[in-house]
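Structure first, commentary second.
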Amino acid sequence: MKVEGATTHEGRAGLDMTDPRFWRAGAISTTLVMLVVLAFLSVDSMRVISVGGAHVPRYDVVNRHIGYQYDWSRREDVPVIGAPEPLFGRTLTEAQATALVREGKLVIQSRACMDCHTFFGNGAYYGPDLTKSWLDPAWPQIWMPMTGKPTREEAMVAFLMNPDQYPTWTRAMPNLHLTEREARATVAYLKWMSAVDTNGFPANFGKTQTQQ
């Protein structure tokens, strides 16, 4: 009887929710399960957000026409990659495009552009959101005639190098003293960024385009 009682008591103790060991085992098992889930989610996220992934095109997309249209199935605006449209009239290899876009990103970081502008939801709203700035209809409608440049990218370079000569906002952009090379690299980065599927961010950009 003593043996049976001891066995029964031990069995009950193993399931005793007041026993710290019960909660410790539960915490460890829950953590392990969540780590496995996190690993699967991380792999799936990298598949989507890595360059060349489902939502982020390769850098040589700057050689193509980039449009933007409303997708009724997703109920949001999505980039549309179209026919060849070389940047600055020159088709870049993947390596050349990668180097140019990365240089443009470094230019933006070195000039602290996020202090005034927003990129992919990060930054400030003192100046315009630049996530889809390449697609802004104001380039062909306003800035190309204003700068006298025949293409969107050349107008963007002219503006970036001398923004004080082309006042278009009450909040004027300061002259950052970009070289032509830096301005071209920045334009490449902005064009590539416009091709990234940002799940409709910034909201209503496509509607704003239509209204303009």
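Name the single residue that is modelled with the lowest pLDDT among those in segment 43-68 being within 20 Å of Y189 (Cβ to Cβ) and of a type in the set (A, V, I, L, M, F, W, C). Only one residue tops the list, namely I49. Does segment 123-130 contain any residue that is within 16 Å of P202 (Cα to Cα), of a type in the set (A, V, I, L, M), in contact with a Leu (Cβ under 7 Å, 6 or more places away or on another chain) and surrounded by 19 or more Cβ atoms within 10 Å (Cβ to Cβ)? Within segment 123-130 (the criterion being within 16 Å of P202 (Cα to Cα), of a type in the set (A, V, I, L, M), in contact with a Leu (Cβ under 7 Å, 6 or more places away or on another chain) and surrounded by 19 or more Cβ atoms within 10 Å (Cβ to Cβ)), the answer is yes, since at least one residue qualifies. Every condition in (1) out of contact with any Phe, Trp or Tyr (no Cβ under 8 Å at 6 or more places or on another chain); (2) surrounded by 20 or more Cβ atoms within 10 Å (Cβ to Cβ); (3) free of Cβ contacts under 8 Å to residues at least 24 places away in the same chain holds for T186 except the one numbered (3).
Scanning segment 98-116 for residues that are over 16 Å from E182 (Cβ atoms) and touching a strand residue (DSSP E or B) at 6+ places or on another chain (Cβ under 8 Å) yields M114, D115, C116. Answer yes if at least one residue in segment 72-80 is without any contact (Cβ under 8 Å) to a residue 40 or more places away in the chain and under 11 Å from A195 (Cβ atoms), and no otherwise. So far as segment 72-80 goes, yes, one or more of its residues are without any contact (Cβ under 8 Å) to a residue 40 or more places away in the chain and under 11 Å from A195 (Cβ atoms). The listed residues are W139, W143, W134, and the only one of them that is surrounded by 18 or more Cβ atoms within 10 Å (Cβ to Cβ), within 21 Å of V62 (Cα to Cα) and in contact with a strand residue (DSSP E or B) (Cβ under 8 Å, 6 or more places away or on another chain) turns out to be W134. Among residues that are acidic (D, E), crowded, with 18+ Cβ neighbours inside 10 Å, in the same structural domain as A158 (by TED's automatic domain parsing) and modelled with pLDDT under 95, D71 is not included.
Does K149 satisfy being surrounded by fewer than 19 Cβ atoms within 10 Å (Cβ to Cβ), touching a residue at least 40 places away in the same chain (Cβ under 8 Å) and in the same structural domain as P79 (by TED's automatic domain parsing)? Spelling it out, it is not the case that K149 is surrounded by fewer than 19 Cβ atoms within 10 Å (Cβ to Cβ), touching a residue at least 40 places away in the same chain (Cβ under 8 Å) and in the same structural domain as P79 (by TED's automatic domain parsing). Each residue in segment 86-97 was checked for being surrounded by fewer than 17 Cβ atoms within 10 Å (Cβ to Cβ) and either within 17 Å of the chain's Cα centre (by Cα) or of a type outside the set (F, W, Y) (or both), and 8 of them qualify.
The values are calculated or read from the model by the stated rules, or taken from the named source; none is laboratory data. What you are looking at is a predicted structure, and each value in this text was computed from that prediction instead of being measured. With ideal geometry, Cβ positions are generated from the backbone for all residues, glycine too; neighbour counts draw on all protein chains shown.
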